[in-house]
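The values are calculated or read from the model by the stated rules, or taken from the named source; none is laboratory data. Only a predicted model underlies this, so the values are computations on that prediction, with no experimental measurement involved. Cβ: placed from backbone, ideal geometry, glycine included. Neighbour counts: every protein chain shown. For the accessible areas, the whole protein counts, side chains as well, though only heavy atoms, and no ligand, DNA or RNA atoms are used. Shrake-Rupley method; radii C 1.70, N 1.55, O 1.52, S 1.80 Å.
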2 protein chains.
Amino acid sequence: MNASPPRSLRQVPGRPSPTLEDLALAAGVSRSTASRAINGGDRVSPEAQAAVDRAVVSLGYIPNRAARSLVTRRTSSIALVIPEPDVRVMMDPFFAVVITGITEALRETDVQLVLLMSRTDDDSARTLRYLRGGHVDGAIVVSHHKADSWARSLSETGLPTIFIGRPWDTAFDVTYVDTDNEGGGRIAARHLSGIGRRRLATVAGPADMTAAVDRLRGWQAGLREAGLPEGPVVHADFTTDGAAAAARRLLAEHPDIDGIFAASDLMALGVMEAIQAAGRSVPGDIALMGYDNHAVAETAATPLTTITQPMVEMAVKAGTMLLEEIEAPGSHPEPVIYSTELVERASTSVAPTASAAKA
Amino acid sequence: MNASPPRSLRQVPGRPSPTLEDLALAAGVSRSTASRAINGGDRVSPEAQAAVDRAVVSLGYIPNRAARSLVTRRTSSIALVIPEPDVRVMMDPFFAVVITGITEALRETDVQLVLLMSRTDDDSARTLRYLRGGHVDGAIVVSHHKADSWARSLSETGLPTIFIGRPWDTAFDVTYVDTDNEGGGRIAARHLSGIGRRRLATVAGPADMTAAVDRLRGWQAGLREAGLPEGPVVHADFTTDGAAAAARRLLAEHPDIDGIFAASDLMALGVMEAIQAAGRSVPGDIALMGYDNHAVAETAATPLTTITQPMVEMAVKAGTMLLEEIEAPGSHPEPVIYSTELVERASTSVAPTASAAKA
DNA sequence: GGACAGCGTGAGAGCGCTCCCACCGCTCCT
DNA sequence: AGGAGCGGTGGGAGCGCTCTCACGCTGTCC
């Protein structure tokens, strides 16, 4: 066994860049003073500071991160860990949104974002080694499944970590940001009952994902609050096809349903397919809701009423929280939960299917 | 002016990890031998190698990247540069696909992917500084617009760089991978003429993006080859709304059109909107094609015939090409162009609008 | 007027690693 | 028999930076 993977990168030629020593020489000060001037200038005379600043510009000096990192024991980089065995999920815009948000949080910082994707268990082991190796100052983990043990593994290492989406196991005092999935589910129940639907069912997500479980819980609570029975629940895997199959079962067993809440827009598309295949219409016969406010919700044949969540803000928050925890280790910030909102579209309009209404 | 941005990360406590010295001690060899054993073991006796390997495991030794990087002048990381002023574009699945592909290429390597997004010119300057600073061994740039000068800037630094998508200015011998946009445009022309449409028009992308220009050129060449006139061309900005507006103009000026090629699926959606608003049908009155095989092409009210391109492979190729160029600097690999394929759906079927046909 | 802050400064050590070079012991050639 | 060659090894230097420490210099207080 080898501590270092087999392949690495060769030396890059590149003209020698100026060192701190060169800079100090050019500025007519010592290396120490130059260093202080570079790093926020505490205890540096205005003259020295100015001289160094000038030298920085004229030499095009850029501090060597490796040298700095070697002595400070910090890397000025954080990791985004995406432990997702399924490639398909990465195609989700969610992914891009998270990255955009974190980048935004890092903008005024010289902290770099390092991407760590692990599809296989093998990858996970490597990723974990990398994280423990002190190569990053902190990590943001997008972990969704019950099975994965990132919460435990990382809390053991003591590496500052923020989860996006409540991890399954919150026993290891992990910090996380999330959207109010339970509230979103409740909004769905309230909306469908509010437009007069009475025989409601849901196509929920996988029972091993916190988001799915929370949405379902909220949905059922909302139904109870509206004085309605909890109604049938079928689970699917957050894919269109999986939801279509689940919805077929649902419709066969409960032909009198007049409203369905699918726990994601992609699933709602599958449900819509099944409804039409059964010769029923949306929203005429069955009102349909999705979740996420995904692009497809708007472009669907019958645009979907759905739940929107402030994903970018959430990702930004994850980034800033991580920076804070890195600067003040030991502070265990409280989880932050963002509220969700209803987006009404044709799939729950009281009027008959109104696909031409837009124009 | 300051060479280093104001904010950085504090020191992480963390137990001291074993150094190479510790490892050597545990293995009963010198630091030099331990180093050699770690790095591919050239000129190391089997016994020494085994002893070091054992020590690595028992100590949980992980080499300090900073120290290594300091002396080797290589960082074992590459940058993915996304110079996109528009947030919206990042929401595109394209983005996730590129990252997935590059990650795949890096899998068996210990090279890390660092993400560099620059929205503003200010960001760009910082990003460029970072790249010149020798913080990464190479870069992959996803640059699309005529205006941006990444090709020039980077070719000047000598940093190994691969572009995804042909950069506008190929004068600075840049290496790139791309899909055959011209071929894709030609396929579109051939397909629409093949199903008997004769009065064809296109909603092209912005004239300052190579992909848009190439698709248009291919389209027009295809029309000529089919013995048809080049027909009207309107430009839009690759957005749904922009395309809708362009299509309205197009339809007003050329009411007899019976086929439209939109240079992206998102734009095709806008075109479809405009067609329906004009009281015409797809594909009955007007056959419509998109490009990209985006998720929405399948979920659209009338599923879109479109052009698919092997994006993941392309991104993987970009990754492997970069690794090669880093290992063998000076080699200027030829650009690689991936071919595209037609995906037929309802929007160009000869039968009348078949939205219910799917079930 | 001497002691004592406090500020600005520079010298020096050393972070963990790789790489050059010198060295050892051996075989193989002349 | 003496050297050349070679595989394996260890010592040492030094990558570019930060940080501790000691030093001079000014001012301020007793």
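If I ask for residues that are open to solvent by 60 Å² or more (accessible area, probe 1.4 Å) and under 29 Å from residue A:75 (Cα atoms), which ones from segment A:142-168 would you list?
The answer is A:152, A:156.
Please state which one of A:321, A:314 is in contact with a Pro (Cβ under 7 Å, 6 or more places away or on another chain) and farther than 17 Å from residue A:202 by Cα.
Answer to the selection: A:321.
So in segment B:23-73, with the set limited to residues that are in a helix (DSSP H, G or I) and within 30 Å of residue B:124 (Cα to Cα), which one is most open to solvent (accessible area, probe 1.4 Å)?
Selected residue: B:71.
For residue A:40, all conditions in the list (1) more than 12 Å from DNA strand C (Cβ to nearest atom); (2) under 30 Å from residue B:155 (Cβ atoms) hold save one; what is the number of the exception?
Just one mismatch for residue A:40, condition (2).
Restricting to segment A:258-274, give me the number of residues that are out of contact with any helix residue (DSSP H, G or I) (no Cβ under 7 Å at 6 or more places or on another chain) and surrounded by fewer than 24 Cβ atoms within 10 Å (Cβ to Cβ).
Going through segment A:258-274 one residue at a time, the tally reaches 1.
Applying the selection to segment A:290-318, what residues are in a helix (DSSP H, G or I), in contact with a strand residue (DSSP E or B) (Cβ under 7 Å, 6 or more places away or on another chain) and either open to solvent by 40 Å² or more (accessible area, probe 1.4 Å) or within 26 Å of residue A:113 (Cα to Cα) (or both)?
Let us first name the residues in segment A:290-318 that are in a helix (DSSP H, G or I), namely A:295-299, A:311-318.
Then drop every residue that is not in contact with a strand residue (DSSP E or B) (Cβ under 7 Å, 6 or more places away or on another chain), which leaves A:297, A:299, A:313-315, A:317-318.
Passing the criteria: A:313, A:314, A:315, A:317, A:318.
Among the residues of segment B:334-353, what is the count of those that are in a loop (DSSP other than H, G, I, E, B), among the aliphatic types (A, V, I, L, M) and modelled with pLDDT of 95 or more?
Counting residues in segment B:334-353 that are in a loop (DSSP other than H, G, I, E, B), among the aliphatic types (A, V, I, L, M) and modelled with pLDDT of 95 or more gives 0.
In segment B:92-122, what residues are without any contact (Cβ under 8 Å) to a residue 24 or more places away in the chain and surrounded by fewer than 19 Cβ atoms within 10 Å (Cβ to Cβ)?
Hits for segment B:92-122 are B:107, B:108, B:121, B:122.
Is there any pair with a first residue in segment A:316-333 that is away from every other protein chain (no Cβ under 12 Å) and a second that is assigned to a loop (DSSP other than H, G, I, E, B) whose Cβ atoms are under 6 Å apart and which are 6 or more apart or on different chains, and what are they?
A:321/A:333; A:332/A:173
Restricting the first residue to segment B:57-78 and requiring it to be within 18 Å of residue A:136 (Cβ to Cβ) and within 6 Å of DNA strand C (Cβ to nearest atom), which pairs with a second residue that is assigned to a loop (DSSP other than H, G, I, E, B) and of a type outside the set (Val, Ile, Thr) meet a Cβ separation below 7 Å and a spacing of at least six or different chains?
Pairs found: B:63/A:3; B:63/A:4.
Yes or no: residue B:55 farther than 24 Å from residue A:128 by Cα, more than 9 Å from DNA strand D (Cβ to nearest atom) and at pLDDT 90 or above?
Criteria not met by residue B:55.
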